[in-house]
Each structure stands twice: as C-alpha cells, then as structure tokens.
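Structure first, commentary second.
The values are calculated or read from the model by the stated rules, or taken from the named source; none is laboratory data. Just so it is clear, the structure is predicted and the values come from calculations on it, not from any experiment. All Cβ positions, even for glycine, are placed from backbone atoms using ideal geometry, and neighbour counts span all protein chains on display.
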Amino acid sequence: MACTINVNLPQQSYEIVIAPSTLGQIGEYMSRLKLGNKVLVVSNPTVFEIYGQPVVNSLQSREYEVSTCILPDGESYKNLDSIKIIYDACVENRLERSSTMVALGGGVIGDMTGFAAATWLRGINFVQVPTTLLAMVDSSIGGKTGVNHPQGKNLIGAFYQPKFVLIDPEVLQTLPDREFRAGMAEVIKYGVIWDADFFAQMEATTGLDNIKAISPELLETILRLSCQAKADVVGKDEKEAGLRAILNYGHTIGHAVESLTGYTKVIHGEAVGIGMVAAGNLAAELGMWTHTETERQNHLIEKAGLQTHLPSNLDIDAIIDALQIDKKVKAGKVRFVLPTQIGKVEITDQVPNDTIRRVLSAMS
C-alpha cells in the first residue's frame, strides 16, 4: 500500500506520497528536496504529543536544525492571532528564505502553516504532513491556505503550494471517529463531482463511519482516488479560474452553517455533508438531476454517519444572508456547484432564494 501521485503545475509541481510507516522517514524525504537546514514544525498539542517526536527525530537525523510552534487546537483558533504566533516563532528561530515550515496536523494546522509560509519573507518552503482523513484527501493538496474572519470562513488567504505532501495512513488509527466521519464527507464529494465508479464502490461497502469498518484495501483506494481526483482538478486549474470551483461542492451552504454555529457545534466535514445534501436537493428541485440520485447521495452520506439535517434553531434567513459574503459570490450572485448526475456537476448562479429557502426549510 504505497503510491506516489504527481500534482502537475506550471510553476511548481510536487509529489504526494501515500505510504504506511513513513512519518518517521520525513527527514529522508525532505533531504531529497535540497531545502535549507532550518525547519519549523507547526502542530497542535494533541497531534504533537503522539507524532511530534518521531518527526523531529527524523528531521534531526538528517541534520536539520528543528524548532517547533504548538498552536491551540480547533477551528476557532484559525485566525490572524495564531498566524502571529507562527511569525513570532520565525523571528525567534531566525527562519530564512531557504527555511521550511512543516505542517503536522489536520486542515486547520495545514491552512495556517501554509498561509504563514506564503507571507513570511514573501514566501518560504512548506511541507504538508496531514494527520486527519479530511486533510489527507483535501486540504493538504492544492495550495489553498488561509484563516477565518469573524464574518466568514477562509476569507483571508493565499494560493501557495507545498513542496511535498507525506501521507501516512497509520496515523488515522488514533483519529477520533467524529473526525474520520468528517473526512468521509470530502471523500464522498469526489465520487459525486468526479468519479461515478468510486461512488459505486463506496455504495457497495457495508460501513463507512469509522476506520475499523473499512478494510486496508478500501482505505488505500479512498486515499489514492481522492488524492488523484484533487490532483487532476488542481493540475487543470490551480487558482480556481474555472474547473477547480467544482471542489467547492457542498461548501457554499456548508461554510454558512459552519460559521453560524461558531466552528464548534458543526465541524467542517459535517458542514460539507449538510451542504452536499442541500446542493443535491436544490439540483432535484431545479430538475438538474433525479430524486433517485439525490437519495443515493444522501444514503451514502448517512452511511458515513453524517448528519443530513440542519442543526436545530439555525435561522434560515441568517444562512441566506451569510451566503452573500461567501468567496464564491460573483457580481452579487451566489454561485452553487450542483450535480447533474453522479460523477458530474455544473456551476450556476441561477438559484432563486425562494428555492434555497424551501430546500433549507425541508432540512430543518
């Protein structure tokens, strides 16, 4: 169970390595990249306690000068205050333009580390070592970095590609079930937007809601096909001029739900699952795909143990208002990614507010 996927880009291509028992070999992999000898490992207390020392030891064994920056755990800390903490660590440890930041953690750590790397000294190296399923299949690939603003998710950020992504599936054994389920939302997304055969493969399994329910072979397939789908899309459209926007499937309403619940009651993958249900229902209402396909998608989301209804007491008008400050708004119109069949989606700004309100009301 080891494979390498190339992310082919005009300016900077890089590899995604998926292989078990490789966390302790990060130093060897990085030495091949011929980067500078100073490394700042950015993580959170939960992840660093389990996986920090093997990473530090591996880097030091290759004579890297290693320092660490441990940030508070959670989406609520994904803000400019945390970025300042990373900057302070850069000053204290005298990072140079040839230095590297290593993001050891989930999507929050990866996004913040990438943004700090993009902006420190106008850009230094960074490497992604994702430790959650969601980060492995989605946020560690493609160079979207950033932090949240109190008014919306990921409104502050930059496109900045990593030099390398190292995925060790064994770290998922310590991932809480809730975080695993959240990652499965992004996995299911790839089936809906890109790969009907992959979707059918997941439909054929008995359980998707925890790591123990999934065979090593299926896990390898999930990681490989999800990463390949992300790499294919990003390779065709690095900075979301067109095609890459399909990766936002489920994210339009999902981000609104996530921000309105304070990034704690509903975590990112759970919000994406709710957003995919909403998008599928919108597509059915607009006659873009069939109710049978909607049911297939929603059943798979339920099989992954994800919620298919809006959180209680969430105001529908507040969701509709929040959509207006989404990054995907263009010329005042909200752009939705909506499915036309399993494996294919379209981007449209022709979704009436009364249709959105009707679909959301049915999900309350």
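Could you list, in sequence order, all residues of segment 51-73 that are exposed (fewer than 14 other Cβ atoms within 10 Å of the Cβ) and either closer than 29 Å to ASN154 by Cβ or modelled with pLDDT under 95 (or both)?
If the condition is that a residue be exposed (fewer than 14 other Cβ atoms within 10 Å of the Cβ) and either closer than 29 Å to ASN154 by Cβ or modelled with pLDDT under 95 (or both), then PRO72 is the only one that fits.
Quick check, is VAL272 in contact (Cβ under 8 Å) with a residue 60 or more places away in the chain, surrounded by 17 or more Cβ atoms within 10 Å (Cβ to Cβ) and not in a loop (DSSP other than H, G, I, E, B)?
Against the criterion (in contact (Cβ under 8 Å) with a residue 60 or more places away in the chain, surrounded by 17 or more Cβ atoms within 10 Å (Cβ to Cβ) and not in a loop (DSSP other than H, G, I, E, B)), VAL272 qualifies.
Would you call ALA103 farther than 19 Å from THR131 by Cβ, of a type in the set (A, V, I, L, M) and either under 23 Å from the mean Cα position of the chain (by Cα) or not in a loop (DSSP other than H, G, I, E, B) (or both)?
The answer is no for ALA103.
Residue-wise test of (1) acidic (Asp, Glu); (2) under 26 Å from the mean Cα position of the chain (by Cα).
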{"residue": "GLY273", "(1), (2)": "no, yes"}
{"residue": "ASN281", "(1), (2)": "no, yes"}
{"residue": "HIS291", "(1), (2)": "no, no"}
{"residue": "HIS299", "(1), (2)": "no, yes"}
{"residue": "GLU302", "(1), (2)": "yes, yes"}
{"residue": "THR308", "(1), (2)": "no, yes"}
{"residue": "ASN313", "(1), (2)": "no, no"}
{"residue": "ILE356", "(1), (2)": "no, yes"}
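On the basis of being of a type outside the set (A, V, I, L, M, F, W, C), in a loop (DSSP other than H, G, I, E, B) and either modelled with pLDDT under 95 or surrounded by fewer than 19 Cβ atoms within 10 Å (Cβ to Cβ) (or both), does ASP88 make the cut?
So ASP88 does not fit the description; no.
To keep it simple, each residue is scored yes or no on (1) within 27 Å of THR206 (Cβ to Cβ); (2) part of a helix (DSSP H, G or I).
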site	(1), (2)
THR292	yes, yes
HIS299	yes, yes
ILE320	no, yes
SER364	no, no
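Tell me the residue from TYR51, TYR29, TYR64, TYR14 that is more than 22 Å from PRO169 (Cα to Cα), in contact (Cβ under 8 Å) with a residue 12 or more places away in the chain and of a type outside the set (Asp, Glu), please.
TYR64
Go through segment 1-11 and give me each residue that's free of Cβ contacts under 8 Å to residues at least 40 places away in the same chain and under 21 Å from the mean Cα position of the chain (by Cα).
Listed by number, the list holds a single entry, THR4.
Which of (1) modelled with pLDDT of 95 or more; (2) on the phi > 0 side of the Ramachandran plot; (3) of a type outside the set (D, E, K, R) does VAL102 not meet, given it meets every other one?
Answer for VAL102: the failing condition is (2).
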